[in-house]
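Heads up, the thing below is written out as structure tokens.
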Amino acid sequence: MKKLLTYLEGDLAVWVITTVMLGISVLTVYSFIPILVKTEGGSPGGYLVKHVMYCLLGFLIMFFVHKKNPSMVAKLSSFMFFIAILLLVFTFFFGATVNQATRWVRVPVIGLTFQTSDFAKLALVIYLSRLLVLKEKHFESWKKGFMPMLFPVLLVTGFIAFDNLSTAVLIFLISFLLLYIGRVPITKLLTSIMIGVGGLGILVLIHFSFPSLEFLPRLDTWYSRFTKAYGENIDTVSNAQAINAELAIHNGGYFGVGVGDGELKQYLPEAYADFYFSSFIEELGLFSGIFLIFLYLVLFHRIVRIGLNAAKPFETYVCIGIGLIIITQALVNMLVCTGLIPVTGQNMPLLAMGGSAMIMTCLGIGIVQSIAKKNNDLKKSNSISKTAKA
């Protein structure tokens, strides 16, 4: 064990939590995929092997990236953002349509799909972190400081919003939290939000005024989900997913019905992803759910702590941004499953089944670990220099 830990540098707690979560993921996803077998065909073993391969690939990417210098990430920030925009444009016009939404790019030959918003989310956080450093002296200026940081956010969220409003809103929220943490004047942030809300209102009016244009093709879906969540006369048939998710949590009780014995996971179309938390509580219980929340909070705390101990502001912003991506996505999944917000497509980081989401999360944690490794190396060198002087 000690020999193995010599190869894993960075923050030990992050390695342990990440590995534990990946292990939990393999066990639970295998239990939650009967509905996928029923709707898509295939075998449970085949889906398990596929998921294990994604977990291993994610871990290898995390290990490879954590060995690199964080300065490389800063140098590649513009290139990553450029690639993200190209992928979003390609997805917008030529993406594969799944569940009436065009969010995926189908990889040639192997036939696997990749959700480009997962990469765009990480690329935007890294790019914004770089801009916060470069534009620090111009925060008070709209032209030189704020607009160059706002434009990338609007560009990414604009492409994503048409087919995935929840992800666009989440990215917008994370971006503005990062800008606020980076000491961008709050007056500018609030002004931008008000302008954005007004602009969205205009788009909605255009959609209703000229329905034949289908300007916002998924507006009816968004409205339907909102009314299902907060309407007075809830249709139990059309709102079956959300109701079954809540019943699964109720059915789980304090200790769960046991791994593999959940019943309501059979009726949740995304039991292994969008409704992961409900399926988890049903089979493992409330106490296990609290433990899961604890793991996420500790992971977030460690990531933020690594960022605050970093030598460069860019590294601090990147860590906080990646931490926000993980914790907000997990929070949204839990809120959806408990019926506190409308149904939306956000899965549990490091736990739910999903190739691109798993890989991008592991890539982000790998970047955090590279910064943690650099922090540790600096501490060692400072300690050696103090000893030599003494």
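A few remarks follow.
- Number of the condition not met by Leu131 [criteria: (1) touching a helix residue (DSSP H, G or I) at 6+ places or on another chain (Cβ under 7 Å); (2) over 25 Å from Val332 (Cβ atoms); (3) at pLDDT below 80; (4) part of a helix (DSSP H, G or I)]: (3)
- Criterion (among the β-branched types (Val, Ile, Thr) and surrounded by 21 or more Cβ atoms within 10 Å (Cβ to Cβ)) met by exactly one of Ile293, Ile367: Ile367
- Those helices (runs of 4 or more DSSP H) lying entirely in the stretch 12-101 with at least 1 residues among the small types (Gly, Ala, Ser) and buried (at least 16 other Cβ atoms within 10 Å of the Cβ): 12-32, 44-66, 70-94
- Taking the conditions (1) at positive phi; (2) without any contact (Cβ under 8 Å) to a residue 12 or more places away in the chain in turn, Arg183 satisfies each one other than (2).
- Members of the stretch 252-270 that are assigned to a loop (DSSP other than H, G, I, E, B) and at pLDDT 85 or above: Gly253, Tyr254, Phe255, Gly256, Val257, Gly258, Val259, Gly260, Asp261, Gly262, Glu263
- When Leu299, Leu284 are checked against the criterion of being among the aliphatic types (A, V, I, L, M) and either touching a strand residue (DSSP E or B) at 6+ places or on another chain (Cβ under 6 Å) or closer than 30 Å to Val37 by Cβ (or both), Leu284 stands alone in meeting it.
- Residues (buried (at least 23 other Cβ atoms within 10 Å of the Cβ) and over 13 Å from Ile33 (Cβ atoms)) located in the stretch 265-275: Asp274
- Pairs where the first residue, in the stretch 357-378, is on the phi < 0 side of the Ramachandran plot and the second is of a type in the set (Asp, Glu) and part of a helix (DSSP H, G or I), C-beta under 8 Å, 6+ apart: Ala357/Asp118; Ile359/Asp118; Met360/Asp118; Ile371/Glu315; Lys374/Glu315
- All conditions in (1) under 20 Å from Leu27 (Cβ atoms); (2) part of a helix (DSSP H, G or I); (3) at pLDDT below 85 hold for Ile249, with the sole exception of (3).
- Exactly one residue out of Gly58, Gly42 is in contact with a helix residue (DSSP H, G or I) (Cβ under 8 Å, 6 or more places away or on another chain), of a type in the set (Gly, Ala, Ser) and in contact (Cβ under 8 Å) with a residue 24 or more places away in the chain: that is Gly58.
- If you go through the stretch 182-198 and pick out every residue that is surrounded by 11 or more Cβ atoms within 10 Å (Cβ to Cβ), assigned to a helix (DSSP H, G or I) and among the small types (Gly, Ala, Ser), you end up with 2.
- Residues of the stretch 20-39 classified as without any contact (Cβ under 8 Å) to a residue 24 or more places away in the chain and β-branched (Val, Ile, Thr), total: 1
The values are calculated or read from the model by the stated rules, or taken from the named source; none is laboratory data. This is a predicted model, so every value here is computed, not measured. Cβ atoms come from the backbone with ideal geometry, glycine included; neighbour counts cover every protein chain shown.
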